[in-house]
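Colleague: Let me give you the structure first, and then I'll get to my questions.
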Amino acid sequence: MIIEVVFVIYILLMLAMGILEYRRSKGILDYYLAGKRLSATIVSFSFFATYFSTSAFLGGGGFGFLAGFQWSAFLTFFHILFAVLAWLLIAPKLKEIADETRALTIPEIFGEKFGREVKLIASAVIIVFFAFYMVSIYKGSGNLLEVMMGISYREGLLITAVIVMLYTSLGGFRAVVYTDLVQGILTFLGGILLFASLLYFIGGFQALTDLANINIFAGKGELLFEIGKLGPPPIMKAGLVLPFILSLTFAISIAQLSSPQLIIRFVAARDERVIRRGMLITPLIIGIFAICVFSIGPFAWLVIPNYENPVKYLKNPDLVVPFIAMKLLPEGINAILLTAIIAAAMSTINSLIHMMATSFARDITGRESVALTRVFVVLFALIPLAIAMNPPDVIVAIVGVSFSVITSVFLIPLLAMLYSNPSKSSIVASMLSALIVSVGWYLLYYRTYWIYPVVPGLLASAIVFAIFEKFFK
């Protein structure tokens, strides 16, 4: 009962904030970019909340149960590294160009620099692959609400979609970032709370000695501390654990540099001082959260086998974090934590549907209308919801590659736009090659070499860009 009460309070708060920001929004600039008046705290926590979805809390937190501390170490390192680089390399230049061109969306910035064709390619990638990316987040939140509240999976999906759709369509980007602030703080504190509770339960860091001596699925617990030894059985059998872990942690983390739903926050910052302060705040909160949450999985070997057979959690590591929360925390506290995990999902979904709607309304239809954009917010919330109700196998495959496509399509062109004077043909060729190679690699080669498709996608994008700049400029 306590879980339901906490969740209802959270929902009512999000809806109230959406209504409040609806009343405060004064026009297209407010609806698209919150008037470009965001402070460092709001930009930083909104960036954090948008980046860390349910998959970070459940997948990132639980996968170490299968892969050990190599997962925790590499993922934390890359998260901090690319958070610093995003605010150092991307934020100042992107803010400057956006202010000069008065562009309100990421595709529009590309369009101002390289023409309508590039704007349409960027918009199409955002709309198509964000929709598939949302399927996975919807699915995670539906599964979690099913466990938390004893409702059906489809009811969980509907609750998530309707709530986010309402407050995002009403309040626009203002509602997105201010609800992100609440959801980001909730997610941040929830991660710290869970890790601290786990450490307290197992007796602190001295439990590392016990962890090294216990029996796990592949032998002694000391394997949890070694690099290249633990991972999914097919990858261990192929002897490709290290390339898999490195490419996957790299792929997840480098998204901070170029994912449109993240970097649009730099454009909405009030001024350059906000960017400078955000360079300190964001990597700090990302680093603390990453260290806490991504270390839960390996330590869970000291908890889960005491209660039940760990095989179920090896097959589905996403169950590790909810199990730890339900076993170690009192009912009222675990209600807050589970709500924080749902908040992580909603804070990502709201940014994705807002980005899709604004890109479609402004960059594809060419209509500068808040009312029309609200209609598209509803539309783009419902399309992935319908797919998530019963996703076919081909959709699951596209969901897996969508994150790689988004990163690899935008990163090289974005850096080139910020730091050089590239030709339109180079940008178009770079984007299309990244798209084709990422999808092709995932479908044809990923399960042979176990290297995540963002790596070949980025390589193809960079090589094709260099060739076109050299010979076809």
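The values are calculated or read from the model by the stated rules, or taken from the named source; none is laboratory data. Not measured: the values here are computed from a predicted model. Here the Cβ is made from the backbone with ideal geometry for all residues, glycine too, and neighbour counts use every protein chain on show.
Colleague: For residues that are surrounded by 19 or more Cβ atoms within 10 Å (Cβ to Cβ) and over 12 Å from LEU88 (Cα atoms), scanning just the stretch 271-287, find the one that is farthest from the chain's Cα centre (by Cα).
Modeller: VAL274
Colleague: Please enumerate the residues belonging to the stretch 1-22 that are closer than 28 Å to PRO330 by Cβ and acidic (Asp, Glu).
Modeller: GLU4
Colleague: Further, regarding this structure: Return only the number of the condition from (1) within 30 Å of GLY18 (Cβ to Cβ); (2) surrounded by fewer than 21 Cβ atoms within 10 Å (Cβ to Cβ) that PHE201 does not satisfy.
Modeller: (1)
Colleague: When you scan the stretch 318-358, how many residues do you find that are touching a Pro at 6+ places or on another chain (Cβ under 8 Å) and farther than 19 Å from PHE47 by Cα?
Modeller: Within the stretch 318-358, residues that are touching a Pro at 6+ places or on another chain (Cβ under 8 Å) and farther than 19 Å from PHE47 by Cα number 1.
Colleague: Now for a separate question. Do we have ALA124 as surrounded by 24 or more Cβ atoms within 10 Å (Cβ to Cβ), assigned by TED's automatic domain parsing to the domain that holds ILE291 and assigned to a helix (DSSP H, G or I) here?
Modeller: no
Colleague: I've got another one for you. List the helices (runs of 4 or more DSSP H) inside the stretch 209-285, counting only whole elements, that have at least 3 residues being in the same structural domain as ALA67 (by TED's automatic domain parsing) and either of a type in the set (Lys, Arg) or at pLDDT below 90 (or both).
Modeller: Those helices (runs of 4 or more DSSP H) span 233-238, 241-258.
Colleague: Among the small types (Gly, Ala, Ser) and assigned to a helix (DSSP H, G or I), is that true of GLY204?
Modeller: So GLY204 fails the test.
Colleague: Right, another one. For the stretch 330-339, does any single residue satisfy the condition of being under 25 Å from GLN183 (Cβ atoms) and not in a helix (DSSP H, G or I)?
Modeller: Checked against the condition, which is being under 25 Å from GLN183 (Cβ atoms) and not in a helix (DSSP H, G or I), the stretch 330-339 yields at least one hit.
Colleague: Evaluate the following for THR54: is it among the hydroxyl-bearing types (Ser, Thr, Tyr), over 22 Å from MET149 (Cβ atoms) and either under 24 Å from the mean Cα position of the chain (by Cα) or surrounded by 23 or more Cβ atoms within 10 Å (Cβ to Cβ) (or both)?
Modeller: Details: among the hydroxyl-bearing types (Ser, Thr, Tyr): yes; over 22 Å from MET149 (Cβ atoms): no; either under 24 Å from the mean Cα position of the chain (by Cα) or surrounded by 23 or more Cβ atoms within 10 Å (Cβ to Cβ) (or both): yes.
No; evaluated as a whole, the condition is false for this residue.
Colleague: Spot the failing condition for GLY156; the list is (1) more than 30 Å from ARG37 (Cα to Cα); (2) in contact (Cβ under 8 Å) with a residue 60 or more places away in the chain, and only one is missed.
Modeller: The number of the failed condition is (2).
Colleague: Restricting to the stretch 322-333, count the residues that are under 14 Å from ALA196 (Cβ atoms) and within 23 Å of the chain's Cα centre (by Cα).
Modeller: Selection size over the stretch 322-333: 2.
Colleague: Among the candidates VAL401, VAL454, single out the residue that is modelled with pLDDT under 95, of a type outside the set (Asp, Glu), within 30 Å of TYR167 (Cα to Cα) and in contact with a Phe, Trp or Tyr (Cβ under 8 Å, 6 or more places away or on another chain).
Modeller: Working: VAL454 fails: within 30 Å of TYR167 (Cα to Cα).
Matching residue, one of VAL401, VAL454: VAL401.
Colleague: Just to be sure, is VAL147 of a type in the set (Val, Ile, Thr) and either without any contact (Cβ under 8 Å) to a residue 24 or more places away in the chain or surrounded by 21 or more Cβ atoms within 10 Å (Cβ to Cβ) (or both)?
Modeller: no
Colleague: If MET389 satisfies all but one of (1) out of contact with any Phe, Trp or Tyr (no Cβ under 7 Å at 6 or more places or on another chain); (2) modelled with pLDDT of 95 or more, what's the number of the condition it fails?
Modeller: If we test MET389 against (1) out of contact with any Phe, Trp or Tyr (no Cβ under 7 Å at 6 or more places or on another chain); (2) modelled with pLDDT of 95 or more, just (2) comes out false.
Colleague: Taking the stretch 131-183, which residues are closer than 30 Å to THR105 by Cβ, at pLDDT 90 or above and among the basic types (Lys, Arg)?
Modeller: Of everything in the stretch 131-183, just one residue is closer than 30 Å to THR105 by Cβ, at pLDDT 90 or above and among the basic types (Lys, Arg), namely ARG174.
Colleague: Of everything in the stretch 1-48, what is under 23 Å from the mean Cα position of the chain (by Cα) and outside any helix (DSSP H, G or I)? Give them in sequence order.
Modeller: LEU38, SER39
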